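J.: Dropping the structure in here first, questions after.
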Amino acid sequence: MFELSSSPSNTPPLPSSPSNYLCLYFSMEPKLHLFFSALCFYLVSAYGNTLRTYIVQLHPHGVTSSSFPTKFLWHLSFLDQTLSSEEDSSSRLLYSYGSAMEGFAALLTEIEIELLRGLPDVVAVRPDQLLQLQTTYSYKFLGLSSTTDGAWVKSGFGRGTIIGVLDTGVWPESPSFADQGMPPVPKRWRGMCQEGQNFKATSCNRKLIGARFFIKGHHVSSVPPSENMVDEYISPRDSSGHGTHTSSTAGGVSVPMASVLVCWFNGCYSSDILAAIDVAIVDGVDVLSLSLGGFPLPLFDDSIAIGSFRAVEHGISVICAAGNNGPIQSSVANIAPWIATIGASTLDRKFPAIVRMGNGEYVYGESLFPGKSLPIAEKELELVYVTGGDSGSEFCFRGSLPKEKVKGKMVVCDRGVNGRAEKGVAVKEAGGAAMILANTEINLEEDSVDAHVLPATEIGYAEAVRLKTYMDTTSHPRARIVFSGTVIGTSRAPEVAQFSARGPNLYDSTILKPDVIAPGVNIIAAWPQNLGPTGLPEDTRRVNFTVMSGTSMACPHVSGIAALIHSAHPGWTPAAIKSAIMTSADASDHRGKPIMDGSKPAAVFAIGAGHVNPNRAIDPGLIYDIKPDEYVIHLCTLGYTRSEIFTITHRNVSCSEKLKMNRGFSLNYPSISVAFKHGVKSKMITRRLTNVGNPNSVYSVQVKPPEGVKVRVKPRRLIFKHINQSLSYRIWVISRKKTQTKKISYAEGQLTWMNAHNSFHRVRSPISVTWK
């Protein structure tokens, strides 16, 4: 499958075809509602100067707006003042925003941008940014069941909740979007099913309730499509498979109504993303699922952070992928505290495809190739590993493998650089009969599997070393692949996916990111009928489902869980829903042992609060709630300027006054993160819990302090007489680390409020402590 990962927003876009930004709205039941799609582009134009897309943010109560009958004409007036008199300003305008932010996107030169910055009511001007896609049994693994008294049943399978999914579109004919048994579309729904290429209004139903595409930001790109890229539809129809996969994960037939926000295969431009969020707010989604991102950005430069703040103000939960740049430290993206940031984990499902070497020894591998039903696929063959020269033959680039060396043989290909499935195509084109995909030291033991175009298996780095040693010490090495189908429950899980982006939070040490992890490795979900299971143009096979890996796959799992919670508790805020997911998360695997990250126990910078547990999240007992105003105060504590806070929140505040009125303020976040700077030895933090369980509930605190730290909590007992009653407590975190002792850069622990009469309600917060 594809190895999709984030790239820095300031790098030039890869060659691409027009992107598709799609919003699909689903109903969390065996029903789905689809909402929209947007195409993204970048432009080098043939005007006198280079044109580029910029997002221009305006003051929401601008003094010049009263001179115009509509916001659209007001927005257009800024271009009228900037462009030459003979040019039609409307030809440069791409989008006019009013919900996600006040402002517009337009094609401008650098000279015009400087003129624009000097006009009244212009708050900020940002260049358009390309954000990359962060690319079943998983629900059973999460403990969801239609027959037990769990999250599905308690939420009525998410009845009435609408999910907006931002991704590459949807294949509406997929069985995952069938609407049998679905209730009528909610009357509050204000969206539409936008027609386009091979997509009619009748493509939507009571499950896929709406679809839109946003192409303007992408369409202004003059970058031609590459030869090996599938043509994309100028409509909400998915041509790459990523959007169909994620939207069916979030809101497929066993869960609610869904609306999907989708990008094109090459990624999405922020101008199109803002347009999709803008419309989603108006249309009435309850949950926004964004399986895309990049490297972390300051919040005032982050269009997703800015648009999602407005969404959260409207009561919409925003769930985002953490990114695929792990295991690099501080690589986690989508770090705004109002966003739920999701890392990726493994399942206990394996697809064994074991290599039996000619010396009788075995090397463990995995594959989705259906070799078990094809005896010829398990034939013993001569092994070959083509190296040397500068053709990239060790990576099995297309055209790099000499036919006389590989014909009829089993070819070893190193992982990396080009796509995993693409290597199999290269081997097949050169006449190879089978392939072993060998992890390098970069990938270690990560086991992302694929439905290869020829008999193939992927092996980990340690096994690759063993295999190559055998080949180096044997004159005529041979091997056969033994395909064993699917095996469940024999391996430890969940574990952290190696590619899952890691903390600590680059721009805010008081907010631990990612928030949680969820299944994101080898996830089987819906797939469009225009593609083979590998997604490559050369793959002529057709399937309804395929496997993908990435935080893109983890994100919609949590979006679906958020929709279930919203259905069970429609009055809860996005912060309450996120708190329920975080404080109920598991810190141990299904065997009761620590969640692993490779060969060591996972740190909080890899798993956040832990692995999602939907059956506990739907009934958390207590929640940490946050009002939008509190996020503004938090930004003040971080030292953001007045103009930066206005850019993010559209609120004109005096931080000196805010901080004076809220001395000792701590954001009421479900996790606890403390950074000791030089000379600081203690910090006091306040938290506020709200009872959403039973009246007359008593909770006692249990603390596992981080190494080198003393933790005091007062009071140690909370007595809730009523439902929705809130009580506060204080935490003193005291550093015991001496400067002359061995350097400790960070330590972690946990704080748990235990219900005295109900062992089910355990409200756990991870504690992260760093020394700078």
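J.: Could you tell me whether segment 462-483 includes any residue that is hydrophobic (A, V, I, L, M, F, W, C), open to solvent by less than 10 Å² (accessible area, probe 1.4 Å) and assigned to a helix (DSSP H, G or I)?
T.: The answer is yes, given that some residue of segment 462-483 is hydrophobic (A, V, I, L, M, F, W, C), open to solvent by less than 10 Å² (accessible area, probe 1.4 Å) and assigned to a helix (DSSP H, G or I).
J.: Would you point out the residue of segment 175-198, among those that are open to solvent by less than 80 Å² (accessible area, probe 1.4 Å) and touching a helix residue (DSSP H, G or I) at 6+ places or on another chain (Cβ under 6 Å), that is modelled with the lowest pLDDT?
T.: SER176
J.: Given the condition assigned to a loop (DSSP other than H, G, I, E, B) and acidic (Asp, Glu), answer yes or no: does some residue in segment 449-459 qualify?
T.: yes
J.: Something else now. Need the failing condition index for SER700 against (1) part of a loop (DSSP other than H, G, I, E, B); (2) closer than 16 Å to PHE760 by Cβ, just the number.
T.: (1)
J.: Considering ALA100, ALA105, which residue is open to solvent by less than 80 Å² (accessible area, probe 1.4 Å), assigned to a loop (DSSP other than H, G, I, E, B), touching a helix residue (DSSP H, G or I) at 6+ places or on another chain (Cβ under 8 Å) and of a type in the set (A, V, I, L, M)?
T.: None of the other options fit; the residue is ALA100.
J.: Restricting to segment 645-663, count the residues that are surrounded by fewer than 17 Cβ atoms within 10 Å (Cβ to Cβ), of a type in the set (Lys, Arg) and under 27 Å from MET684 (Cα atoms).
T.: Number of matching residues: 2.
J.: Give the residue, chosen from PRO570, PRO528, PRO537, that is modelled with pLDDT under 95 and open to solvent by less than 40 Å² (accessible area, probe 1.4 Å).
T.: Within the list PRO570, PRO528, PRO537, the selection yields PRO528.
J.: Hey, another quick one. Scan segment 423-461 for residues that are at pLDDT below 90 and open to solvent by 40 Å² or more (accessible area, probe 1.4 Å) and jot them down.
T.: GLU441, ILE442, LEU444, GLU445
J.: Can you name the number of the only condition in (1) of a type in the set (A, V, I, L, M); (2) modelled with pLDDT of 90 or more; (3) not in a loop (DSSP other than H, G, I, E, B) that ALA377 fails?
T.: Of the numbered conditions (1) of a type in the set (A, V, I, L, M); (2) modelled with pLDDT of 90 or more; (3) not in a loop (DSSP other than H, G, I, E, B), the odd one out for ALA377 is (2).
J.: Suppose we filter TRP753, TRP771, TRP732 for residues that are touching a strand residue (DSSP E or B) at 6+ places or on another chain (Cβ under 6 Å), of a type in the set (Phe, Trp, Tyr) and modelled with pLDDT under 95; which single one remains?
T.: Of the residues listed, the single one that is touching a strand residue (DSSP E or B) at 6+ places or on another chain (Cβ under 6 Å), of a type in the set (Phe, Trp, Tyr) and modelled with pLDDT under 95 is TRP771.
J.: Give the residues of segment 484-494 that are open to solvent by 10 Å² or more (accessible area, probe 1.4 Å) and either among the hydrophobic types (A, V, I, L, M, F, W, C) or modelled with pLDDT of 95 or more (or both), sorted by residue number.
T.: VAL487, ILE488
J.: Taking the condition of being out of contact with any helix residue (DSSP H, G or I) (no Cβ under 7 Å at 6 or more places or on another chain) and part of a helix (DSSP H, G or I), how many residues in segment 643-677 meet it?
T.: Selection size over segment 643-677: 6.
J.: Search segment 670-688 for residues being of a type in the set (S, T, N, Q) and over 28 Å from the mean Cα position of the chain (by Cα), and hand back the single one that is least open to solvent (accessible area, probe 1.4 Å).
T.: Per the criteria, the residue is THR686.
The values are calculated or read from the model by the stated rules, or taken from the named source; none is laboratory data. None of the values given here were measured: they were computed from a predicted structure. Cβ atoms come from the backbone with ideal geometry, glycine included; neighbour counts cover every protein chain shown. Just so you know, the surface numbers come from the protein's heavy atoms only, side chains and all, with ligands and any DNA or RNA stripped out. Shrake-Rupley method; radii C 1.70, N 1.55, O 1.52, S 1.80 Å.
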